[in-house]
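Novice: What follows is a single structure, and I will ask about it in a moment.
The values are calculated or read from the model by the stated rules, or taken from the named source; none is laboratory data. Being a predicted model, the structure only gives us computed values, none of them experimental. Cβ atoms come from the backbone with ideal geometry, glycine included; neighbour counts cover every protein chain shown. Areas reflect the complete protein model, heavy atoms only, side chains present, ligands, DNA and RNA absent. Shrake-Rupley method; radii C 1.70, N 1.55, O 1.52, S 1.80 Å.
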Amino acid sequence: MTRPPIDFARYPLDQDTAAMGPIIAEARAQLDRDQYCSLPGFLTPEAVTEAAAEATGLMGQANPAESLRNCYLQRQGDPSMPADHPRNVLQPARYRMIAADLLPQTSHLKRLYFWEPFQHMVAAIVGAPKLYPNDDPLQPVNVICYGPGDQSAWHYDSTNAFTMTLMLQGAEAGGAFELAPNTRESPDGEDIPYMTEVLTGASDRVRTVSRAAGELTIFRGCNSLHRVSPVAGSRTRLMAVFVYEERPGVTGDPEVNQTVYGRTGTG
Ligand SMILES: O=C(O)CCC(=O)C(=O)O
Ligand SMILES: [Fe+2]
C-alpha cells in the first residue's frame with residue numbers, strides 16, 4: 001500500500017523512529033495534562049480537501065441519527081435518581097454517520113488507519129504497547145457529518161481508552177469541540193457536581209479545542225465529557241473518527257451498529 005498523505009516535512013513518520021521522538025513526547029505530555037492532544041496539519045491540505053470531497057459524495061448514504069440522550073448515550077433517564085442527576089439530563093443529538101464499509105480501501109483515511117508507522121505513533125502517544133485495527137465492517141473508520149443545526153449531546157465515549165478524530169472540514173460557525181477534562185476518573189468514580197455544572201452550562205473548566213482542517217486530535221473521551229456545539233451556516237462539518245483496539249479481532253455489537261449506522265453490518 002502506498003504511504004498515506006501525511007505532511008512528512010512536519011511529521012517525519014517516514015524516517016527512523018527517533019525523528020518523531022520530540023513530537024510524540026510533547027503530544028503525550030499534552031494528553032496527560034489536558035486529556036487531549038492535537039497534531040495540527042497532519043494530512044496535507046490537498047489530501048484533506050480530497051477526503052472531504054469523498055465524504056461529501058457519500059453523505060447521501062450516511063445514517064441519520066436524531067435523539068434525546070443522556071451523557072451515557074441512553075435515551076431514557078432513571079426515575080429512581082433525582083431529576084437533576086446527569087442520568088436524567090437528556091439533550092438533543094443529531095448528525096449523520098458514514099460507516100467504514102462505504103469508504104474505499106484506497107481512501108486517504110483508510111490508508112492512514114492501516115499504515116503501521118501511524119499505528120505505532122498513536123500507540124506511543126497513548127501509552128499502549130500495541131494497537132490493532134478494529135475488525136468490525138462498520139466501525140473502524142467513520143466520518144461524522146454535522147449539517148446546519150446538528151450537534152452532539154454532552155457524552156462519554158464507550159469503553160475505549162482514547163478516541164481519535166481528524167477534521168476534514170469545519171463549519172462556517174458553531175460546531176465547536178468542547179471538552180471538560182476529567183469529569184470522572186472511571187465509570188465508578190464520577191464527579192457528579194462537576195458533571196452537573198458542565199451539563200447546565202455553568203462550568204468554567206470546559207475547554208474549546210481548536211480544530212483546523214487536517215488536525216489530528218487524540219482525547220480521553222471515556223473520562224472527559226465532551227460535545228460538538230450546534231453547527232451554523234450551510235457548510236457541513238466533516239469529522240473523521242478512527243477506532244483502534246488493544247487486542248486483535250475486536251468487532252462491534254450488532255445492536256450498537258443498528259443504532260449508530262442503521263444496520264448491523266453482518267449480512
Ligand atoms: O466530532 C467531533 O469532534 C467529536 C466526535 C466524538 O465525540 C467522538 O468521536 O467520540
Ligand atoms: Fe465522543
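Novice: Give segment 27-43 a look and list any residue that's surrounded by fewer than 19 Cβ atoms within 10 Å (Cβ to Cβ) and either farther than 25 Å from SER186 by Cα or modelled with pLDDT under 95 (or both), or say none.
Specialist: PRO40, GLY41
Novice: Please work out if ARG96 is buried (at least 17 other Cβ atoms within 10 Å of the Cβ) and touching a Cys at 6+ places or on another chain (Cβ under 7 Å).
Specialist: Numbers: buried (at least 17 other Cβ atoms within 10 Å of the Cβ): yes; touching a Cys at 6+ places or on another chain (Cβ under 7 Å): yes.
So ARG96 passes the test.
Novice: Could you tell me whether THR217 is touching an Asp or Glu at 6+ places or on another chain (Cβ under 9 Å) and in contact (Cβ under 8 Å) with a residue 12 or more places away in the chain? Talk me through it step by step, then tell me what you get.
Specialist: Numbers: touching an Asp or Glu at 6+ places or on another chain (Cβ under 9 Å): no; in contact (Cβ under 8 Å) with a residue 12 or more places away in the chain: yes.
When the stated conditions are applied, THR217 does not pass them.
Novice: Can I ask one more? Might you let me know whether segment 152-171 holds any residue that is more than 13 Å from ligand 1 (Cβ to nearest atom) and within 20 Å of VAL48 (Cα to Cα)?
Specialist: Checking segment 152-171: not a single residue is more than 13 Å from ligand 1 (Cβ to nearest atom) and within 20 Å of VAL48 (Cα to Cα).
Novice: What's the total number of residues in segment 208-221 that are at pLDDT 95 or above and open to solvent by 20 Å² or more (accessible area, probe 1.4 Å)?
Specialist: Residues that pass the stated criteria total 3.
Novice: On the given criteria, is GLU197 open to solvent by 40 Å² or more (accessible area, probe 1.4 Å), away from ligand 2 (no atom under 14 Å from the Cβ) and out of contact with any Pro (no Cβ under 8 Å at 6 or more places or on another chain)? Full working, then the answer.
Specialist: Numbers: open to solvent by 40 Å² or more (accessible area, probe 1.4 Å): yes; away from ligand 2 (no atom under 14 Å from the Cβ): yes; out of contact with any Pro (no Cβ under 8 Å at 6 or more places or on another chain): yes.
Yes.
Novice: So which residues in segment 206-244 are farther than 19 Å from CYS71 by Cα, part of a strand (DSSP E or B) and not hydrophobic (A, V, I, L, M, F, W, C)?
Specialist: Correct list: THR217, ARG237, TYR244.
Novice: For the structure I just gave you, tell me whether ARG205 is open to solvent by 30 Å² or more (accessible area, probe 1.4 Å), at pLDDT 95 or above and within 12 Å of ligand 2 (Cβ to nearest atom). Write out each step before concluding.
Specialist: On the way: open to solvent by 30 Å² or more (accessible area, probe 1.4 Å): yes; at pLDDT 95 or above: yes; within 12 Å of ligand 2 (Cβ to nearest atom): no.
So ARG205 does not fit the description; no.
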